[in-house]
Amino acid sequence: MKKKNKRKLLIITPVDHLDGFLDNTKKNFQIIKYFKNPSKNDVINNIKDANYIFTNPNMSKFKINDEIINAGKKLKCICTASTGTNHIDINYAIKKNIKILSLKKHKKILEKIPSTAELAFTLMMTSLRNIIAASKSVTKYQWSYLEFIGEQLKDKKIGVLGFGRLGKIFANYCLKFNAQVYFYDPYKKNSNKNIIKYKNLIKFLKSLDILSIHIHLNETTKNFLNKNLFQHMKKNILIINTSRGEVINENDLIKFMRSNKNSKFAADVISHELGNLSNSQLIKYYKKNTERVLLTPHLGGSTFQAQKIAYFISLENLIKFDKKNNQI
């Protein structure tokens, strides 16, 4: 069967740092526009003739919603180089018969990408050892450890909330450092006798020195961690979140931290990442409490190795979709 002309692709995430990606893309599609960091209006003004969108949540300032989808009169597929799809209005896309391609079902490939779990471990260790504050003190020509005495990981009681791929990887890292590791996940079984499963969420939270969050965001997990659960945590708990910001009620978190001056929080994600960051109450709190709070701008999968795998597999998925649907 003879193939039609190349379908038109709108790229709205940085890709030119990945060797060969744009060249390979151009072989298969006509790139009508490439934006590294577009505004919502940039997309709306350039999507009219696009058949496909290539995206990623990390740099998204907005949700691919009904307004954008309606502007894409010829849009047939949204391809995201991620497992998460909270930057896309899935229900509306499906309603408009637009295919969503993500990495959620690529389990064997995802096993090769531990980057987010590595970052969770890094955030934990950085917070325990007060690395950021200690390093800043040196820039002021200070050389004293007294203000920055931290905690060692050995024998700490670490809880993993969500025992999927990344939760398991993180848990195994902690075991290597001789921590006591527990997890709560009603949908997962335990295959490692050194990692103890809790069936009761409240008992789980009460026992922890450190909580690392690895649950998926959906309607049942939105605001999952709120005042009703914070009240059961230790007053000096360290909470790590590399999942999605929306799984935590951030107003409740801030109230908890204000009441518990020895608690700490480190995260790579915040709620409303797609909105105006100057409105984020968590960022405002962070600016005044940098000794207890650490935030990074969604770096989880942002390693060259991880992105190379994720982006090229996503491109391959889009090429397969195109071959299947672009024939006469």
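Listed values, structure above:
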| quantity | calculated |
| --- | --- |
| Under the Karplus curve 6.51 cos²θ - 1.76 cosθ + 1.60, θ = phi - 60°, whole-Hz ³J(HN,Hα) for the stretch 129-140, x wherever Gly or Pro sits | 9, 6, 4, 4, 5, 5, 5, 4, 5, 5, 5, 9 |
| Cα centre as origin, Lys/Arg/Asp/Glu Cβ charges: the chain dipole, Debye | 940 debye |
| Highest average packing first - 123-129, 156-162, Cβ atoms within 10 Å | 156-162, 123-129 |
| FRET efficiency estimate (nearest 0.05) - Cβ-Cβ, Asp42 to Ser135, R0 51 angstrom | 0.85 |
| For the chain, calculated [θ]222 nm from helices alone, where every DSSP H run of n ≥ 4 adds -39500 (n - 2.57) | -10000 deg cm²/dmol |
| Protection proxy ranking of 185-196, 90-101, 313-324 - average other beta-carbon atoms within 10 Å, highest first | 313-324, 90-101, 185-196 |
| Of Lys105/Lys168; Lys48/Lys324; Lys63/Lys284; Lys197/Lys287; Lys33/Lys108; Lys168/Lys284, those spanning more than 25 Å from alpha-carbon to alpha-carbon | Lys197/Lys287; Lys33/Lys108; Lys168/Lys284 |
| Kirkwood Rh (inverse of mean 1/r, distinct Cα pairs), the stretch 67-210, angstrom | 18.6 Å |
| For the stretch 77-104 versus the stretch 30-67, the gap between their alpha-carbon centres in whole angstrom | 13 Å |
| Which of Phe29, Ile109, Val15, positive extreme of dipole for the stretch 1-155 (C-beta unit charges) | Phe29 |
| For the stretch 1-80: rounded, prolate or oblate by the Cα gyration tensor [a/c cutoff 1.5] | oblate |
| For Phe304, solvent-accessible area (1.4 Å; no DNA, RNA or ligand), Å² | 140 Å² |
| The chain, relative contact order in percent, only Cα pairs under 8 angstrom and at least six apart counted | 17 percent |
| Whole-number percent relative contact order across the stretch 226-289, with pairs defined as alpha carbons under 8 Å at least 6 apart | 38 percent |
| Descending principal axes extents, the stretch 88-128, alpha-carbon based, whole Å | 48, 24, 7 |
| Karplus (6.51, -1.76, 1.60) ³J(HN,Hα), θ = phi - 60°, over the stretch 287-298, in Hz, Gly and Pro reported as x | 4, 9, 9, 5, 7, 10, 10, 9, 10, 10, x, 6 |
| Dipole-positive endmost among Asn194, Ala81, Leu282 within the chain (Cβ charges, Cα centre) | Ala81 |
| Net dipole in debye of the stretch 97-235 [+1 Lys, Arg Cβ; -1 Asp, Glu Cβ; about Cα centre; nearest 20] | 560 debye |
| For percent of Cα pairs over 28 Å apart, calculated from these coordinates, the label among (1) 46; (2) 40; (3) 64 | (1) |
| Cα lying deepest toward the dipole's positive end in the chain, options Thr296, Ile169, Thr220, charges on Cβ | Thr220 |
| Between helix 115-128 and the chain: long-axis angle, C-alpha atoms, 0 to 90°, nearest 10 | 30 degrees |
| Backbone HN-Hα couplings from phi across the stretch 215-220 [Karplus 6.51/-1.76/1.60, Hz, Gly and Pro as x] | 8, 7, 8, 8, 5, 7 |
| Dipole in debye (nearest 20) - the stretch 233-328, about Cα centre, beta carbon charges: Lys, Arg +1; Asp, Glu -1 | 400 debye |
| Interchain or long-range residues, amide H under 5 Å from Leu295's placed H | Ala267 |
| Amide H within-cut-off set for Lys6, under 5 Å, with H built and near neighbours excluded | none |
| Environment charge of Tyr286, counting only residues whose C-beta is closer than 11 Å and scoring Lys/Arg +1, Asp/Glu -1 | +2 |
| Interchain or long-range residues, amide H under 5 Å from Lys156's placed H | Gln180 |
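The values are calculated or read from the model by the stated rules, or taken from the named source; none is laboratory data. Computed from a predicted model, the values in this text were never measured in an experiment. Neighbour counts run over all protein chains shown; Cβ positions are idealised from the backbone, glycine included. Quick note on the areas: whole protein, heavy atoms, side chains included, nothing else; ligands and nucleic acids left out. Shrake-Rupley method; radii C 1.70, N 1.55, O 1.52, S 1.80 Å.
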